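Remarks on the structure that follows.
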Amino acid sequence: MSNKYFFRSKISEEKFRTVLRLFCLDIEAKKVAEFTGLNRITINNIFNKIHYRIAEICEAESPFENGELELDESYFGARRVRGKRGRGARGKIPVFGMLKRGDKVYTQIVKNCSMSELLPIIKEKVTPYSVLYTDGFKTYDGLVNYGYKKHHRVRHGENEFADGNNHINGIENFWGLCKVRLEKFRGMNKNTFYLHIKECEFRYNFRNQNLYLFLLNNLRKNKLN
């Protein structure tokens, strides 16, 4: 059966477009299977391939151009274990994020949030002419020594959260949206977390576009395989 969006697919183009449309509406795989009459394994397989394509799209984004960028890290995973507090609490997955105000966000799973781990990401994605905003986390100490001369900090530990333009409300809002959305995937396998966080990134970055038409056009040029 010929399908110009999905190589060697056993479902029709019409059926595939329906699945893609429901995916873009953020309908759960179980409900998509019920609505389309396809089995859950088929839907999971399609969703998984779409997730990988979305991740590719996100990773292909060019480095941020000059502008105002908010940098922050967040932790995802099991609820906080009693006695384990703060950054790096046991069982959490650390994710580093950069948000260009009024534009897009970029996320990357990291081993930890040390300067040696985060600096290569920052240098790859951010030009030294950008204006950076961070919280008071010690990892961000010394960014000016690496060429980022315009670095402003909001010190949450001193009850500072916003001082005019000096804040990281944008990236913190993004983390909140991610965590609310990912609540429905309780017990999510760590091996699939990367794909889910990239989906959150994709949906945020293309929030003002028709996701269905965007992906349909992408798949016409390069089929799922």
ask   = Share of the chain's accessible area from carbon and sulfur, percent, 1.4 Å?
value = 48 percent
request  = Sort out for me the Cα centre separation of segment 123-146 from segment 34-54, rounded to whole Å.
outcome  = 40 Å
key: the chain: Cα Rg divided by the 2.2 N^0.38 Å rule of thumb   = 1.14
request  = Specify which residue in the list 51, 6, 16 is farthest towards the positive end of the charge dipole of segment 1-51, using unit charges on the beta carbon of Lys, Arg (+1) and Asp, Glu (-1), about the Cα centre.
outcome  = 6
key: Only Lys, Arg (+1) and Asp, Glu (-1) charged, at Cβ; the chain dipole about Cα centre in debye   = 1080 debye
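Given a Förster distance of 41 angstrom, what is the FRET efficiency for residue 210 paired with residue 112, based on the Cβ-Cβ distance and rounded to 0.05?
Given R0 = 41 Å and the Cβ-Cβ separation, E is 0.60.
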task = Among 69, 167, 110, flag the residue with its Cα farthest along the positive direction of the charge dipole of the chain, charges on Cβ as +1 for Lys/Arg and -1 for Asp/Glu.
result = 110
query = Counting other Cβ atoms within 10 Å of each Cβ, which GluC sites (Glu not before Pro) in segment 1-47 have at most 16 and sit in a DSSP loop?
reply = 28
note = Sorting 146, 194, 129, 140 on solvent-accessible surface, 1.4 Å probe, most exposed first, gives 129, 146, 194, 140
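The values are calculated or read from the model by the stated rules, or taken from the named source; none is laboratory data. Source: prediction; values computed, not measured. Counting neighbours? That spans all protein chains shown, and the Cβs are built from the backbone with ideal geometry, glycine included. Note: accessible area is taken over every heavy atom of the protein model, side chains too, but ligands, DNA and RNA are not part of it. Shrake-Rupley method; radii C 1.70, N 1.55, O 1.52, S 1.80 Å.
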